[in-house]
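Enquirer: Let me begin by handing over the structure; questions about it come next.
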Amino acid sequence: NHDRLAPRPMRVGLTGGIASGKSTVAELFAGAAVPVIDTDILARQVVAPGSIGLQRVAAVFGPSIVADDGSLDRAGLRARIFADAADRRRLESILHPLILEEVARQSRRAGGSYQIHVIPLLVESGLQDTVDRVLVVDCPEDLQRSRLRSRDGETATSAEQILASQADRVRRLAAADDVIVNDRSEADLCPLVATLDAFYRDIAERGDFSARGLRLP
């Protein structure tokens, strides 16, 4: 999928462990007028009340997974998929095709020389082939734990469960073309994203989607 003559935008898959700073990095790219397609947002849209996605989830996980107001019981479903890997795979088999279809539709419409596709479970779900480059936002696991507990109010146990359900750092970094190390403040991310933005615009214009990667800082 590294086509030098590709008449389409270069697709950069942005991923990283939970609480690594993906959303902040995505916002900085958006601030530089880069089209950003966030699969977390799409994942909510494809199971909106009355959607075919919600119907399919309820058919597999039972009607109790739909709340009284017709929306998905996210907390209940989340607890099940973190506790059971088979349930997580069943959910992914329902949602991934719907999400990827919407990503493709939005990508065609968004244009730009390159796009950021935010895919939190890119490596875990084997979706590397849906993008041209993989950008990993990396941070030490101890920092992820402290951010989960302070930002999301997770307990020590639930934070460990969440981390255990995701690819380990070694696997994620092995899949990366480019890496941002986010172990400092949000202000420190701004120049790193600016550097990557210039790099991506250059290689996208040249059609060199598989150029040697950057590790920042």
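The values are calculated or read from the model by the stated rules, or taken from the named source; none is laboratory data. If you're wondering where the values come from, they're calculated on a predicted model, not measured in any experiment. Glycine gets a Cβ as well: all are built from the backbone with ideal geometry, and neighbour counts include every protein chain shown. Ligands, DNA and RNA are stripped out before the accessible areas are found, and what is left, the full protein with its side chains, is counted by its heavy atoms. Shrake-Rupley method; radii C 1.70, N 1.55, O 1.52, S 1.80 Å.
Enquirer: In whole angstrom, note down how far apart the Cα centers of the stretch 95-113 and the stretch 135-149 are.
Expert: Result: 28 Å between the Cα centres.
Enquirer: Hey, any idea what % of the stretch 39-140's accessible area is carbon plus sulfur with a 1.4 Å probe?
Expert: Carbon with sulfur: 54 percent of the solvent-accessible area.
Enquirer: Can you figure out the FRET efficiency of A33 with L216, using R₀ = 22 Å and their beta-carbon distance, to the nearest 0.05?
Expert: 0.60
Enquirer: Shifting gears a bit: For an R0 of 41 angstrom, estimate the FRET efficiency from the Cβ-Cβ distance between D68 and R105 and round to the nearest 0.05.
Expert: The calculated FRET efficiency here is 0.85.
Enquirer: Residue by residue through the stretch 106-119, which ³J(HN,Hα) values in whole Hz follow from phi under the Karplus form 6.51 cos²θ - 1.76 cosθ + 1.60 (θ = phi - 60°), with glycine and proline marked x?
Expert: Karplus-based 3J(HN,Hα) across the stretch 106-119 equals 5, 5, 4, 7, 7, x, x, 6, 8, 10, 9, 10, 7, 10 Hz.
Enquirer: Give me the number: length gained by fully extending A198 to L173, i.e. 0.36 nm times residue separation minus the C-alpha to C-alpha distance, one decimal in nm.
Expert: Net length gain for the segment: 6.8 nm.
Enquirer: Whose amide H sits under 5 Å from the amide H of R215, counting only residues 5 or more places off or on another chain, with H placed in the peptide plane?
Expert: Residues meeting the amide H criterion: V179.
Enquirer: Eigenvalues of the Cα gyration tensor times 5, then square-rooted: what semi-axes does that give for the stretch 174-217, in whole angstrom, largest first?
Expert: In descending order the semi-axes read 21, 13, 5 Å.
Enquirer: Pop out the Kirkwood hydrodynamic radius of the chain from its pairwise C-alpha distances, inverse of mean 1/r, in Å to one decimal.
Expert: Hydrodynamic radius (Kirkwood, Cα pairs) of the chain is 18.3 Å.
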